[in-house]
Amino acid sequence: MGIVVGPHLLSTKELNKEQCDYILDTAQNFVEVSERQIKKVPTLRGRTIINLFLEASTRTRTSFEIAAKRLSADSINIGAKDSSVSKGETLIDTVYTLQSMKPEIIVMRHEASGAAHFVASHLEHSVVVNAGDGLHEHPTQALLDALSLRQRLGSLDGIKLTFVGDVLRSRGFRSLTYLLQKYGATVTVVAPPTLTPPEMKKLGVNITCNLAEGIEGADAIYSLRMKHEYLADQFVPDLDEYCKRFLITEKIIQRCAPKALVLAMGPFVRGTELTSEIADGPRSLVSTQVTNGVATRMAVLYLLATQHATRFCKNIEDPQEGGQ
Ligand code: CP
């Protein structure tokens, strides 16, 4: 029996290295589809995917929708304002309602940590993809980041990655850390002490508040947005002061990590987390991450939908029908 992913994709913590490799290899195969003139394959024809985004999103929501369309699936998007959640319907009643329409997959973003697990534990016929749940996990973000790193570094084995910024409120940080640790990566965190409580050590990461020290020798630096909307909670009393100590500039990278690549967890704010020189420069993987988001989500939808078919469908067609 081959490698099985699923039935749901809720976190990277629950994946093993072989499953990560399998998803990344599948995603790499799908990269080419988006480079064609006609960016469409019949792979998921007749399958239905619902994107239930109850929290704001640009990249994740759009790329899941594009991924579904490029696979020829029928995709439906539901946001918080246009769903009956806004009338007081509970999350579980909403997903029961959606499940009754027989979608193979419900892609879900929600502000509550654990929301995707909660929904998955109640559904019997649809699989759930976590597109970000509160402060918990964002597995497809980590997979697209890993694909972007693997393409440029050749391998994820033993790499050194340094996160800079708001690790405390970053679900993407948690998901990528869990994923890279399966490859023996060294993960370092650079952030003000208010954002790195003692419990963070349990993740097995190195922690420092010194940017130069934290990025020294890094293969890649990952910028995390300082959450302006949370400044009122006083983790960082003054954004200008934060920038003086943590802004990622070409000058500091040249001095400490001259070959380092730079990733960013979009959305990012130029001049607060990283300079435009960095974001638009040759070491930046920012636009590569977004491009790989489509291929990665195609891979996840393809693997989960075809494995869904083997579990639930009476008349199983060849999942590769028509090829890629
Ligand atoms: N990185 C990410 O999840 O971006 P969006 O919130 O725009 O989807």
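Here are a few things to note about the model shown:
- Positions within region 101-132 being within 16 Å of the ligand (Cβ to nearest atom) and either part of a strand (DSSP E or B) or outside the structural domain of Tyr302 (by TED's automatic domain parsing) (or both), in sequence order: Val107, Met108, Arg109, His110, Val129, Asn130, Ala131, Gly132
- Whenever a residue of region 269-285 is in contact (Cβ under 8 Å) with a residue 60 or more places away in the chain and surrounded by 14 or more Cβ atoms within 10 Å (Cβ to Cβ), its partners that are polar (S, T, N, Q) and not in a strand (DSSP E or B), lying with C-beta atoms within less than 6 angstrom and at least six residues away or across chains, give the pairs Leu285/Ser148.
- Residue tally, condition of a type outside the set (A, V, I, L, M, F, W, C) and touching a strand residue (DSSP E or B) at 6+ places or on another chain (Cβ under 9 Å), over region 1-44: 6
- Just one of the listed residues (Val31, Val85) is more than 16 Å from the ligand (Cβ to nearest atom) and at pLDDT below 95, and it is Val85.
- Only one entry of Tyr183, Tyr222 meets the criterion of being touching a residue at least 24 places away in the same chain (Cβ under 8 Å), of a type in the set (Ser, Thr, Tyr), crowded, with 17+ Cβ neighbours inside 10 Å and more than 17 Å from Leu263 (Cα to Cα), and that entry is Tyr183.
- The conditions of being without any contact (Cβ under 8 Å) to a residue 60 or more places away in the chain, charged (D, E, K, R) and buried (at least 18 other Cβ atoms within 10 Å of the Cβ) are met by Glu65.
- All conditions in (1) in a helix (DSSP H, G or I); (2) of a type outside the set (S, T, N, Q); (3) under 21 Å from Ile23 (Cα atoms) hold for Leu263, with the sole exception of (1).
- Filter result for Leu153 (crowded, with 22+ Cβ neighbours inside 10 Å, farther than 23 Å from Asn51 by Cα and away from the ligand (no atom under 14 Å from the Cβ)): no
- The single condition among (1) touching a strand residue (DSSP E or B) at 6+ places or on another chain (Cβ under 7 Å); (2) among the hydroxyl-bearing types (Ser, Thr, Tyr); (3) at pLDDT below 95 that Ser284 does not meet is (3).
- The set of residues in region 201-212 that are within 23 Å of Lys244 (Cβ to Cβ) and without any contact (Cβ under 8 Å) to a residue 40 or more places away in the chain comprises Asn206, Ile207, Thr208, Cys209, Asn210.
- Residue match in region 136-150 (condition: surrounded by fewer than 22 Cβ atoms within 10 Å (Cβ to Cβ), under 28 Å from Ser287 (Cα atoms) and at pLDDT 95 or above): yes
- Taking the conditions (1) within 16 Å of the chain's Cα centre (by Cα); (2) farther than 16 Å from Leu303 by Cα; (3) free of Cβ contacts under 8 Å to residues at least 24 places away in the same chain in turn, Thr58 satisfies each one other than (3).
- All positions within region 66-122 that are among the acidic types (Asp, Glu) and under 30 Å from Glu35 (Cα atoms): Asp74, Glu104
The values are calculated or read from the model by the stated rules, or taken from the named source; none is laboratory data. Keep in mind the model is a prediction, meaning the values are calculated, not measured. All Cβ positions, glycine included, derive from the backbone under ideal geometry; neighbour counts span all protein chains shown.
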